[in-house]
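Working notes, structure below.
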């Protein structure tokens, strides 16, 4: 797997619209910020935000700082952006977390609410962490959540319904895993690598967690700002071709000392 330099990675992120001028429109971003600020828990991603983020402008300020969207509340429609430099910075922070986990051979759980895009990112990371001596947590069998099933595919926990892997923001699948581990008397993960409500739920329960988040998923960035979540990586979490994420994954694993050229 070729390992890009930081400048090569940033060029790739912009070219593939993982960052830069992303597909998520400004209207959608602001709608989600407003719904979170108004207390709609579907946008809290399993986190308990209380009354700390009831001002849309405060949410926007954090998103501008940590994601790179426009900080102009009067910019209501059209193009919005994710700063690729912030994406690379966050990948470096995530790499530090992975390096620490690998060095102490932690128990790590991988999960995604975006199986159509991020499954292979998590699978490759899980394989690298296992090769470094970590235990990739095996989830309990027979778990259900939100009228579907929680299963593990290629070492990554996903939500399945009707023989199909589903996109979900819900924290309930992660809650089912953590509750299932406790029922079985098994230790909880030392680290969760995930996205959406999977990451939010784990972080809220006090587990070290890192996650990927789009510009319309403000809750994980707020959690990072508050110190609940260790790292939120800003990026478009569902670009047209999942292979576009491969250089990003290579950069992450190399920065974590888990991948070498060739």
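Of the conditions (1) touching a residue at least 12 places away in the same chain (Cβ under 8 Å); (2) under 20 Å from residue 224 (Cβ atoms); (3) part of a loop (DSSP other than H, G, I, E, B), residue 110 satisfies every one except a single condition; which number is it?
All conditions pass for residue 110, except number (3).
Might you let me know whether region 136-159 holds any residue that is more than 19 Å from residue 184 (Cα to Cα), in contact (Cβ under 8 Å) with a residue 24 or more places away in the chain and part of a helix (DSSP H, G or I)?
No: region 136-159 contains no residue that is more than 19 Å from residue 184 (Cα to Cα), in contact (Cβ under 8 Å) with a residue 24 or more places away in the chain and part of a helix (DSSP H, G or I).
Could you look through region 31-53, keep only residues that are under 14 Å from residue 170 (Cα atoms) and free of Cβ contacts under 8 Å to residues at least 12 places away in the same chain, and pick out the one that is farthest from the chain's Cα centre (by Cα)?
40
Quick check, is residue 92 surrounded by fewer than 18 Cβ atoms within 10 Å (Cβ to Cβ), within 16 Å of the chain's Cα centre (by Cα) and in contact (Cβ under 8 Å) with a residue 12 or more places away in the chain?
Here the answer is yes, as residue 92 does meet what is asked.
Give 127, 77 a once-over and let me know the one that is surrounded by fewer than 19 Cβ atoms within 10 Å (Cβ to Cβ), at negative phi and modelled with pLDDT under 95.
Exactly one residue qualifies, and that residue is 77.
In this structure, does residue 188 turn out to be part of a loop (DSSP other than H, G, I, E, B), closer than 23 Å to residue 117 by Cα, in contact with a helix residue (DSSP H, G or I) (Cβ under 9 Å, 6 or more places away or on another chain) and at pLDDT 95 or above?
On the way: part of a loop (DSSP other than H, G, I, E, B): yes; closer than 23 Å to residue 117 by Cα: no; in contact with a helix residue (DSSP H, G or I) (Cβ under 9 Å, 6 or more places away or on another chain): yes; at pLDDT 95 or above: yes.
Judged against the criteria, residue 188 is not a match.
Just to be sure, is residue 51 exposed (fewer than 13 other Cβ atoms within 10 Å of the Cβ), under 30 Å from residue 202 (Cα atoms) and out of contact with any helix residue (DSSP H, G or I) (no Cβ under 9 Å at 6 or more places or on another chain)? Outline the logic, then answer.
Details: exposed (fewer than 13 other Cβ atoms within 10 Å of the Cβ): yes; under 30 Å from residue 202 (Cα atoms): yes; out of contact with any helix residue (DSSP H, G or I) (no Cβ under 9 Å at 6 or more places or on another chain): yes.
The answer is yes for residue 51.
Output yes when any residue across region 102-111 is crowded, with 19+ Cβ neighbours inside 10 Å and farther than 21 Å from residue 201 by Cβ, and no when none is.
yes
The values are calculated or read from the model by the stated rules, or taken from the named source; none is laboratory data. Just so it is clear, the structure is predicted and the values come from calculations on it, not from any experiment. Note that we place each Cβ from the backbone using ideal geometry, even for glycine, and neighbour counts take in every protein chain shown.
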